[in-house]
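First the structure, which I've put down as structure tokens, then a few questions once you've had a look.
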Amino acid sequence: MKKTLYLFSSGTLKRKDNTLCLITTDDKKHYFPVSAISDIMVFGEVEINKRTLEFLTAQKIPVHFFNRHEYYIGSYYPREYLNSGYLLLRQAEHYLDGAKRLDLARRIVRGSILNMLKVLTYYANRTRETQLQVIIASIEGKLRSLDGQTSVEQLMAMEGNAREQYYKAFDLILRQDDFSFDRRTRRPPQNRLNALISFGNSILYVVCLSQLYQTHLDPRIGFLHTTNFRRFSLNLDLAEIFKPIIVDRVIFSLINKRVLKASHFTTLLKGIVLSDAGKKLFVQALDERLSATIHHRKLGRNVSYKTLIKMEAHKIEKHLLGEQPYEPFVSRW
């Protein structure tokens, strides 16, 4: 199975025959078989020349770039090789038709909220924390009101309200002063937990983008997130479903097991970011989570979380083609 290549070191990425070679600033050479790479995430200061980009295009390997403050800044997205003109028309039709877009957006929000509830129920059963039950009941109330929302904007607001309640549970689950939540803050995150959420979500966005590259869908046309001059939006839709069960579970695990500590963070630009060592620990854990498998009842075999994301995109394809109504993935635990 092909895997994501994470580049933290700085240097120059070049083609060497049928492999990739990273020549670091201290003149060390690291070789990567291209046949084992699905996509590349660049965190260091890496130079790439035209010949290398041509090679990556031929191998159908997207490259995603993050700056030194952990923010996603863009992707090299090779020429699409699976795009279907017919499916593109159907995708645009479902976006432009208000009722069709609303239906699909509502399904995505339902999946997102149900997975939040799965996470909270898991920890409520383990901790017997009564306040978690109060939060769960509040979010369940918002879930029941989804069908009453008559616009995508109302759905977005409802999902935002549910997530606000969901974030209130983080302190109850973690109970660690070094990782108190308080409230959600972005660009820059104001505490360590917000830094982890922002970094993890950014990585998940590009994971979803890489999986969409392997389908017939156009990532520029989303349904919950508005299609505008921003390059991609459908990957943001997919990420909403998987954030709780991938990113948040990794965060809880790393903090509860004392793998990540306060020493793995630093203050920068009036905010908090992960240190280089902290980034590597977090990315390793997140990659392990994406590679972990669960038993898929319908398929009768184990599939990884990364594969589940691609399968989710295929389910949206079938919905657009009128073959099968889209039902979002909801974790069983």
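With θ set to phi - 60°, apply the Karplus curve 6.51 cos²θ - 1.76 cosθ + 1.60 along the stretch 175-185 and write out the HN-Hα couplings as whole Hz, x wherever there is a Gly or Pro.
After applying 6.51 cos²θ - 1.76 cosθ + 1.60, I find 6, 10, 4, 5, 10, 6, 8, 6, 7, 7, 10 Hz.
Using θ = phi - 60° and the Karplus form 6.51 cos²θ - 1.76 cosθ + 1.60, what ³J(HN,Hα) does each residue of the stretch 268-278 get, whole Hz, x for Gly and Pro?
Result, rounded to whole Hz: 8, 6, 6, x, 10, 9, 6, 6, 4, 5, x.
Taking amide hydrogens as modeled 1.01 Å from N in the peptide plane, which residues meet the under 5 Å criterion relative to Phe265, leaving out close sequence neighbours?
Ser275
A further question on this structure: Over the stretch 170-246, what relative contact order in percent results from Cα pairs under 8 Å that are six or more residues apart?
Rounded, it is 19 percent for the stretch 170-246.
So if the hydrodynamic radius of the stretch 214-276 is defined as the Kirkwood radius over C-alpha pairs, what does Stokes-Einstein give as its diffusion coefficient at 10 °C and 1.306 mPa s, in µm² per second? Don't skip to the answer; put the middle values down first.
Values: Rh = 14.5 Å.
Using the Kirkwood radius from Cα pairs, D works out to 109 µm²/s.
On to the next question. How high is the relative contact order of the chain, in percent, with contacts defined as C-alpha pairs under 8 Å that are six or more residues apart?
On the way: 505 pairs, mean separation 53.4, N = 333.
Value for the chain: 16 percent.
Helix-only mean residue ellipticity at 222 nm, the chain, DSSP H runs n ≥ 4 weighted -39,500 (n - 2.57), per residue, nearest 500. What is it?
Details: 11 runs with 159 residues, N = 333.
After summing the helix terms and dividing by residue count, I get -15500 deg cm²/dmol.
My understanding is that a pair violates if its Cα-Cα distance is over 26 Å; which of Lys50/Lys310; Lys118/Lys280; Lys257/Lys279 do that in this structure?
In this structure, Lys50/Lys310; Lys118/Lys280 lie more than 26 Å apart at Cα.
Mind jotting down the three principal axis lengths of the stretch 289-333 based on Cα atoms? Whole angstrom, largest first.
So the extents along the principal axes, rounded to whole Å, are 31, 17, 17.
Kirkwood hydrodynamic radius (Cα pairs, Å) of the stretch 3-61?
Details: mean 1/r = 0.0880 Å⁻¹.
Its Kirkwood hydrodynamic radius stands at 11.4 Å.
Can you work out ³J(HN,Hα) from phi for every residue in the stretch 286-295, in order, using Karplus 6.51 cos²θ - 1.76 cosθ + 1.60 and θ = phi - 60°, giving whole Hz and x for Gly and Pro?
Karplus-based 3J(HN,Hα) across the stretch 286-295 equals 5, 5, 5, 5, 5, 8, 5, 10, 10, 7 Hz.
For the stretch 1-134, would you read off the P(r) tail past 26 Å as a percentage of all alpha carbon pairs? Write out the running numbers ahead of the final one.
On the way: 4671 of 8911 pairs.
Result for the distance tail: 52 percent.
Just want the ordering: Leu224, Leu102, from fewest to most Cβ atoms lying within 10 Å of their own Cβ. Before the final figure, lay out the partial values.
Working: Leu224 24, Leu102 18.
Listing Leu224, Leu102 from fewest to most nearby Cβ atoms yields Leu102, Leu224.
If you don't mind, there's one more thing I want to ask. Obtain the radius of gyration and the Kirkwood radius of the chain from its C-alpha atoms and give Rg over Rh.
Numbers: Rg = 20.3 Å, Rh = 21.0 Å.
Rg divided by Rh gives 0.96.
Every number here is computed from the coordinates shown, using simple stated rules; none is lab data. In this text, all values refer to a predicted model and were calculated from it rather than measured experimentally. Ideal geometry is used to build each Cβ from the backbone, glycine not excepted, and the neighbour counts take in all protein chains shown.
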